[in-house]
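Quick notes on the structure that follows.
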Amino acid sequence: KIKTFIEQFACRRQLELYYSYEPMILDTGGGIKKMLSFFPTATPILIHNVDIISAFDLRQIMDHHLFHQADATLVLHSNPTNRPLVFDTDFRLLGRPDDAQYPSSRHYGFCGIQVVQPRLFLSEKEQKFYSIDLYIEAAHRNHKIIGYPIEGVYWRDIGRPEDLQEAEKDILNGLYRPVDITS
């Protein structure tokens with residue numbers, strides 16, 4: 001059903017859309033690695049998780065990523081999370097809080113929005129892996145994995161039915177205001 005919808009949507013909008021089927025779930029990193037075959041390998045790729053709604057201007061993260069010449073740039077939030085990432089004062093990824101104690105570190109949640117250089121994923125030998133694990137390992141090998149915190153911008157994970165219902169309420173109450181991409 002998803003593939004049919006994508007094909008019909010692309011045809012009506014005159015868009016070139018790709019569908020990457022996973023007979024075996026590849027997790028976030030494996031899924032990203034598999035879809036890279038659709039794109040040039042030297043071009044940074046903007047990835048936005050499907051279960052995220054945001055009023056964040058995606059041009060900002062792309063500009064930030066290119067300016068800092070990062071291997072990966074992760075959009076971050078400071079909301080409490082059970083899976084925080086640790087960054088230094090320059091927003092370079094250090095790891096997870098349980099990896100080690102880091103002086104002058106900041107804890108953030110990952111928003112599910114990122115820009116990546118394909119070479120980072122293409123060098124991974126595994127087919128099934130988590131992207132965050134790859135980022136932590138790459139940061140430990142001195143790859144430039146940076147964070148881009150957003151504050152005061154609407155963002156919500158809508159991966160569960162109750163989260164989606166809350167987002168619907170936010171939209172009805174005017175809390176979600178999409179970015180004007182026509183300017």
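Starting from the amide H of TYR130, placed 1.01 Å from N in the peptide plane, find each other amide H under 5 Å away whose residue is 5 or more places distant or on another chain.
Amide H to amide H, under 5 Å and 5 or more residues apart or across chains, TYR130 pairs with GLY29.
So what's the back-of-envelope 222 nm ellipticity for the chain, counting only DSSP H runs of four-plus at -39500 (n - 2.57) apiece and dividing by all residues, rounded to 500?
On the way: 6 runs with 59 residues, N = 183.
After summing the helix terms and dividing by the residues of the chain, the value is -9500 deg cm²/dmol.
Farthest toward the dipole's positive end in the chain, which of CYS11, GLY174, HIS65, given Cβ charges of +1 (Lys, Arg) and -1 (Asp, Glu) about the Cα centre?
CYS11
Which of [x] -1.00; [y] -0.90; [z] -1.16 is the computed log10 I(q)/I(0) by the Debye sum over Cα atoms at q = 0.16 Å⁻¹ for the structure on display?
Looking at log10 I(q)/I(0) by the Debye sum over Cα atoms at q = 0.16 Å⁻¹ for this model, the match is [z].
Using θ = phi - 60° and the Karplus curve 6.51 cos²θ - 1.76 cosθ + 1.60, what whole-Hz ³J(HN,Hα) does each residue of segment 51-56 get, with Gly and Pro shown as x?
9, 10, 10, 8, 9, 6
Go ahead and collect, in residue order, the members of segment 22-46 whose backbone nitrogen is under 17 Å from a label point 7 Å along the Cα-Cβ direction of ASP133.
24-34
When Lys and Arg each count +1 and Asp and Glu each count -1, what net charge do the other residues less than 10 Å away from SER78, Cβ to Cβ, add up to? Could the numbers behind the result be given before it?
Numbers: positive: ARG106; negative: GLU151.
Neighbour charge sum, excluding SER78 itself: 0.
Starting from 0.36 nm per residue, how many nanometres of slack lie between LYS125 and ILE47 once their C-alpha separation is accounted for?
Numbers: separation 78, 0.36 × 78 = 28.08 nm, distance 2.08 nm.
Using 0.36 nm per residue and subtracting the Cα-Cα distance, I get 26.0 nm.
Could you pull out which residues in segment 104-134 have an amide N less than 18 Å from a spot 7 Å beyond the Cα of ASP57, following the Cα-Cβ vector?
114-115
Would you work out what percent of the accessible area of the chain, with all protein chains in place, is carbon or sulfur (probe 1.4 Å)? Show your work: numbers first, answer last.
Details: 6190 of 11590 Å².
Looking at the chain in its full context, I get 53 percent from C and S.
Set the bar at 27 Å for Cα to Cα. Now go through LYS3/LYS144; LYS144/LYS169; LYS3/LYS169; LYS1/LYS128; LYS3/LYS33; LYS34/LYS169 and name every pair that lies beyond it.
Details: LYS3/LYS144 35 Å; LYS144/LYS169 38 Å; LYS3/LYS169 29 Å; LYS1/LYS128 24 Å; LYS3/LYS33 20 Å; LYS34/LYS169 35 Å.
Checking Cα-Cα distances, LYS3/LYS144; LYS144/LYS169; LYS3/LYS169; LYS34/LYS169 exceed 27 Å.
List the chymotrypsin sites (Phe, Trp or Tyr not before Pro) within segment 1-90 that DSSP assigns to loop and that have no more than 13 neighbouring Cβ atoms inside 10 Å. If you can, show how the numbers build up before the last one.
Values: sites: PHE5, PHE9, TYR18, TYR19, TYR21, PHE38, PHE56, PHE67, PHE87; in loops: TYR18, TYR19, TYR21, PHE56.
Taking segment 1-90 and a limit of 13 other Cβ atoms within 10 Å, the loop chymotrypsin sites (Phe, Trp or Tyr not before Pro) found are TYR18, TYR19, TYR21.
Give me the accessible area per residue for segment 55-183, probe 1.4 Å, as a whole number in Å².
59
Determine the relative contact order of the chain: mean sequence separation of Cα pairs under 8 Å and six or more apart, normalised by residue count, in whole percent.
Working: 272 pairs, mean separation 56.3, N = 183.
The value is 31 percent.
Which percent, nearest 5, of DSSP beta bridges in the chain are antiparallel? Numbers along the way, then the final one.
Working: 18 of 23 bridges.
Taking every DSSP beta bridge with both residues in the chain, the antiparallel ones total about 80 percent.
The values are calculated or read from the model by the stated rules, or taken from the named source; none is laboratory data. Not measured: the values here are computed from a predicted model. With ideal geometry, Cβ positions are generated from the backbone for all residues, glycine too; neighbour counts draw on all protein chains shown. What goes into the accessible areas is simple: the full protein's heavy atoms, side chains included, and nothing from ligands, DNA or RNA. Shrake-Rupley method; radii C 1.70, N 1.55, O 1.52, S 1.80 Å.
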